[in-house]
Each structure stands twice: as structure tokens, then as C-alpha cells.
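Report on the following structure.
What follows is calculated from the coordinates using simple rules that are stated; it is not laboratory data. Computed from a predicted structure; not experimentally measured. When we count neighbours, we look across all protein chains shown, and the Cβ atoms used for this are built from the backbone with ideal geometry, even at glycine.
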Amino acid sequence: MKLVPGAIAVVAGLLVTACGPRGASPNTSTDITVYEGARLITGDGGPAIDNAAFIVEGDRFTRVGRRGEIESPAGAVRVDLTGKTVMPAMIDVHSHLGFLDQADASMSKDHFTRENLTDHLERYAYHGFAAVCSFGTDIGDLPFQMREEVIPNAALYRTVGRGLAYPGSGPADPSRNDVPYAVTTELEARAAVRDLVTRKPDFVKIWVDDRNGTRQKLTPPLFRAAADEASKLGFRSVAHVFDLADAKELVKAGVEGFTHMVRDQPVDEEFVSLLKARPNVWFTPNLGGMNRSLPGAATNPRPRWADDPMLRETIAPAIIERRLAQLAKTPPTTNPGRVWDLQNTRALKAAGVRLVLGSDAAGDSNRWIGVTAHMELENFVAAGFTPAEAIAAATRTAAEVLRLEHLGAVAAGKSADFVVLDANPLDNIANTRTIASVYLRGRQVDRAALRAKWQARPGT
């Protein structure tokens, strides 16, 4: 990777401002910092380490243990995190970068610029994310160029490039609907894959969804051809899926991952057996993030997220109020897919299937960047995960899926990407939103400057 030209490298070990951890001024310069006293969630799903200590040298964790049990290097700066909780920075495996202008909640191809993509990566960093994968709606060479860059105060960029879909059956949002390769024959499917892989995408994405009977979806011969061509060329394929029957055939075709849960009916023993025979297969359930908790009844006209302090740090009040007005006008409805996705997530978790965090953020104007991913963690817990398991799905397992071996855990040798929290998410998963500070690659993210920038442009 390369540092973005003109970017100023922030000195490793910058310490948080007056509202953050105690121990040194924000101008302290050092290559070695000892953080001690916090409750440490390492990201492996196991118990937290109380009164922990860990050492960061440059951009890496070098030692992790309990306070008083690991030797501090001479000259190291010490940071007291007593009363805080530390967890690894998270990873969002399923997002759609570039089309949403988060300042005014508009969607357009015109927004797909370096400036807006950087803004999205900064918003992810602000919310405690080390990396994000944009899934199937990226345009041109720019995303692949940015994938090779390390941008200060920003999450790492991973990209699928363009996905494959039957014409018009890809993304539902009109601004992105025509981005995927449009394929109607097996030859076109194979040709599209061959063109895509010249850029070395992280995955080959295949859309298989008739949008509630309103579109023609890829047929099994077409998606089998795409998956087979990807495999022959050494690339992993993933699918957007809705129906159980399609999901079964996609597993048989060799697809490794799914960016949505099965939503038309309960999963059955045949499907579970197929998945058990393919333990590398994973799902981002995409349970709806903040939009799962819609009012739904006159007795609860205001969703519980509406007054979350973190929400108002990065989202303009006008956007929040506009969304609340939309919800107030929406009569109570029952969405069967929202029943089956939660039930099926529970069933696949019980079967030992790999489930990872993916928010589908920025897929439309109401999936707000960073916020939606945090709210999705609550849905994981509603689906039967313990808070520790939900965090592992957003850290260790997500890093495994994206083959980001240096991320996903607070452990010696890993990149020093971590989040300092004011409250313990093992008690309540919503506490992942009580962020005091974020460190990426050993450097503190300047959240105050980012927040000031966003709040200076309040939107419409």
C-alpha cells in the first residue's frame, strides 16, 4: 500500500483529546505506547481481559496481557485507560460506497468521486471501522486505485467492482441499477467475469433477485456459468440472494458468500446440510440495521434510535427529521422477509455457519454510513448472538472473510486498529456507540476535526 500523495502522516501514538484517555498531551511523539487499565475485548469471542495492558510500536500491537504482567519498554509513553473498554476496530463486509451524499441524503452517480469516497471511508473510521468492502456497484478504476492507498483518518477500501445481474435486476436504487454487467447468456456471463477479474476484485458478485416478482432474475445456468468462470480464474464468487431455492443452487455452483439472508421461507435441512459440507460459506445477514426498528404501531411512533447521541454527531438534523416524518406516515405493515431473515439467521448460527457483519450501508438514502452498521450489531444480538459473538462477527470473522489477516483482533503482530469505549458492550451491545476514541494503524483518528467538518455542512 502507499500513502496518499500529499497526506501528512500523523505521528504514531497520538493520544486522545481532553475528553479521551489520560496520560499524555495530543502532541506527544513516540513510536512506543503502553495502554493500560482498560477492559480489553480481544475480538476472538472469548472473555474480556480486565485491567489489561497492550503495547503499540509504530502501527502494530507487540504485546498484550494484564497490567503489571507485561514489561514496558524504556521510554514508552503510558496511557491510562482505567474505566474504559477497548475492542478491535470493526470491518463492514457489505456496503455500497460513493453514491450517497451523506450531507443531504441524495443518491446520484455524480457523487461517485474521490472526495465522496474518501468522505465515506472517513465516516467509517469515525465510527470505529478499520475496513469496508464495497459490493458490486463501484464504477471505473478509481475504487481499485483507492484500494491500494492508506488514507489518514480513513478506513481501508476493499472492492468487488461491478457485479453481474440480469438487466435491471441488480441494485434496487435507480442511481445504481444499471451499474452491474448486464448478462442474458452464459457466454455474456463468462465474458463479464473475465473482464472484471482483470482488476483483481476481492470477489465476483452475482445478483439473483426478482425484486418481489417485478424483475427477471439470473437463471441457474447463467449464475452457474459466472461462478464457474470465477473459480477457473482463481476468484471467489458471492451472491445477493432472496429465495431459498436459488441459495441452494448457488451453494452447489460454488459460491462462497451471500450478502443477504434467505428471506422467502425458513431454511430447511437440505440447505443446512449443503452448508455443513461447505464450511467456508458465509453470510452477511443484512437484518436491516436501524431500519429494522420501524415504529410499526401508533403506540410507538418514534424509533428508539432517533435520539441516539452518536447519530446526531454525523447526520444532519434535517435528514433525521425527514426520515422520522416518512416513518410517521407509514402505516403498520408486516414484511415477511423481515420475519424469515431473523429466524434463518438464528437457524444458521445454530448450525455453525459463518455469519459476519455487513450493513448494506449507503445502498439507499436511509442506510446511513457507520450508524447502520452499529445498529446491525443489535440485530445480531436479537438473532441469538451474545454481544461477544456479535463483536467477533464484526472483527475476527469479518477479517477472515476479506482475507485481511492483519486486522480483526487485539493481538501481537496485528495492526494497531482499536476503539476506546466509555461503556462495556458486553453488558449491552449498544455500548459500541459510546466511542471515546478510535486508533487506526497506531494513530488516533481526528474525530473532532471530522465531526466539525460534517457539522459545518448541515445538509438540507
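Length gain on complete extension for the stretch Ala452 to Ile70, per 0.36 nm per residue less the alpha carbon to alpha carbon distance?
Details: separation 382, 0.36 × 382 = 137.52 nm, distance 3.84 nm.
Full extension from Ala452 to Ile70 adds 133.7 nm.
Relative contact order for the chain: what is it in percent, counting Cα pairs under 8 Å that are at least 6 residues apart?
Details: 1061 pairs, mean separation 93.6, N = 460.
Here the relative contact order equals 20 percent.
Starting from the amide H of Leu156, placed 1.01 Å from N in the peptide plane, find each other amide H under 5 Å away whose residue is 5 or more places distant or on another chain.
Ala131, Val132
Only Lys, Arg, Asp and Glu count, each charged at its Cβ (+1, +1, -1, -1), so figure out the dipole size of the range 191-234 about its Cα centre, rounded to 20 debye.
Values: 9 positive and 6 negative charges, 13 e Å.
Dipole size: approximately 60 debye.
Among 416-422, 167-173, 209-215, how do they line up by average Cβ neighbours within 10 Å per residue, starting with the highest?
Working: 416-422: 25.1, 167-173: 18.7, 209-215: 13.3.
Peptide ranking by packing, descending: 416-422, 167-173, 209-215.
Lysines near Lys276 by alpha-carbon distance under 24 Å, same-chain residues fewer than 8 away left out - which ones?
Correct list for Lys276: Lys205, Lys232, Lys248, Lys252, Lys349.
With loop defined by DSSP as not H, G, I, E or B, and exposure as at most 16 other Cβ atoms within 10 Å, which is the longest segment of the chain clear of exposed GluC sites (Glu not before Pro)?
Values: sites that count: Glu69, Glu71, Glu148, Glu405.
Value returned for the longest uninterrupted segment is 149-404.
Could you state the angle between the C-alpha long axis of helix 447-456 and the longest principal axis of the C-alpha atoms of the chain, as a value from 0 to 90 degrees rounded to the nearest 10?
Roughly 60 degrees between the two axes.
Students often check this: by mean Cβ neighbours within 10 Å, which of 390-398, 271-279, 437-445 ranks highest, and how do the rest follow?
Numbers: 390-398: 26.8, 271-279: 14.9, 437-445: 24.6.
Packing proxy ranking, top to bottom: 390-398, 437-445, 271-279.
Please give me the summed charge of the neighbours of Leu426: other residues whose Cβ is under 15 Å from its Cβ, Lys and Arg +1, Asp and Glu -1. Write down the numbers at each step before the final one.
On the way: positive: Arg39, Lys84, Arg433; negative: Asp44, Asp50, Glu378, Glu389, Asp422, Asp427.
With Lys, Arg at +1 and Asp, Glu at -1, the net is -3.
For the range 334-460, just the Cα atoms, rotate onto the principal axes and tell me the three extents in Å, largest first.
Rounded to whole Å, the extents work out to 46, 43, 29 Å.
Could you name the lysines whose alpha carbon sits less than 23 Å from that of Lys84, not counting residues in the same chain fewer than 8 places away?
Lys414
Starting from the eigenvalues of the Cα gyration tensor, five times each then square-rooted, give me the equivalent ellipsoid semi-axes of the range 214-309, largest first, whole Å.
Numbers: eigenvalues 220, 42, 39 Å².
With the √(5λ) rule applied to the range 214-309, the semi-axes are 33, 15, 14 Å.
Could you size up the charge dipole of the chain around its Cα centre, putting +1 on the beta carbon of Lys and Arg and -1 on that of Asp and Glu, and report it in debye to the nearest 20? Walk me through the numbers before you get to the answer.
Working: 54 positive and 54 negative charges, 38 e Å.
The calculation lands at about 180 debye.
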